[in-house]
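*Asks:* If you scroll down you'll find the structure; I have some questions about it.
Read-outs: derived from the displayed coordinates by stated rules, not from any lab. Quick caveat, the model's predicted, so the values are computed rather than measured. Cβ coordinates were reconstructed from backbone atoms using ideal geometry, including for glycine residues, and neighbour counts include every protein chain displayed.
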Amino acid sequence: MKVRAQAPSIKNSTNFNVVADSKTAVGTTLENLKAAIAGETGAYTKYMTFANAAKEQGYDQIARLFTATAAAELIHIDLEYAVVAEMEPNYQKPTAAAPLAYACDLNLISGANGEIYEASDMYPAFIKKAQEEGNLKAVNVFTRAKLAEAVHAERYLAAYNDIDAPDDDKFHLCPICGYIHKGEDFEKCPICFRPKATFTAY
Ligand SMILES: [Fe+2]
Ligand SMILES: [Fe+2]
């Protein structure tokens, strides 16, 4: 993802449309925040399961990618939880059951499918609703998550294509928005502009 002159937002970007066959049940923004937290919790649990499977199957670099992406979903959960807690202080975060893991290539495709759904359906639909409600905090957290999810999908598909040609690159996680960069060749987060020095390497 390229670094633009201004951080990407729904105002200056043309990739925030909702897919025509949307599978997202849109509620109030409070309900949507909770649905997003549930979805991110499921993704976190799934990726930790897939990270263990990748390690057992001998795909160490892909295990690191799943672990980094799981950590990114935790960032999204915290961002969304902070907005929910302002509206509903007693809200408790949900948990998710671990799914079955399959062969590493299929786990990468499963991850990419989920990320594409979130980036092109769930988050754009929730952003639209949050805009209608004038909830700018929700617009902002959904936007950062949406942009990061599309990058996660890109990382998973790249790992799928290169599953038999791993390298020593590390994955660098932005602690603010969950963006993940492969390798050292970058200066700052293209989503939230955080400098590389603040990233966590996996
Ligand atoms: Fe993600
Ligand atoms: Fe970021």
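*Asks:* Which of the peptides 105-114, 42-51 is most tightly packed, and how do the rest follow, going by the mean number of other Cβ atoms within 10 Å of each residue?
*Replies:* Result, highest mean first: 42-51, 105-114.
*Asks:* No other cysteine beta carbon under 4.7 Å away is the test; run it over the chain and list who passes.
*Replies:* 104
*Asks:* Choose one of 74, 22, 134: the residue whose Cα lies farthest towards the positive end of the charge dipole of the chain (beta-carbon charges +1 Lys, Arg; -1 Asp, Glu; about the Cα centre).
*Replies:* It is 134.
*Asks:* Pairs of Cα atoms under 8 Å, at least six residues apart: use those to get the relative contact order of the chain, whole percent.
*Replies:* Rounded, it is 27 percent for the chain.
*Asks:* While we're on this one: Most fluctuating residue of 117, 160, 91 in a GNM of the chain with Cα springs under 10 Å: which is it?
*Replies:* The residue with the greatest mean-square fluctuation here is 91.
*Asks:* Could you work out the helix-only [θ] at 222 nm for the chain, with each DSSP H run of four or more residues adding -39,500 (n - 2.57) and the total divided by the number of residues, to the nearest 500 deg cm²/dmol? Don't jump to the answer; show the numbers that get you there.
*Replies:* On the way: 5 runs with 107 residues, N = 202.
That calculation yields -18500 deg cm²/dmol at 222 nm.
*Asks:* I would also like to ask the following. Report the residue, chosen from 15, 90, 140, that carries the largest GNM mean-square fluctuation when the chain is represented by alpha-carbon nodes joined by springs under 10 Å.
*Replies:* Answer for the Gaussian network model of the chain: 90.
*Asks:* Let me ask you something else. Between residue 60 and residue 5, what is the spin-label point distance in nm, taking each point 7 Å from the Cα along the Cα→C-beta axis?
*Replies:* Output for this residue pair reads 4.5 nm.
*Asks:* Which far-off residues, 5 or more places away or on another chain, put their amide H under 5 Å from the one on residue 188, with H placed in the peptide plane?
*Replies:* Close amide H contacts, sequence-distant or interchain: 196.
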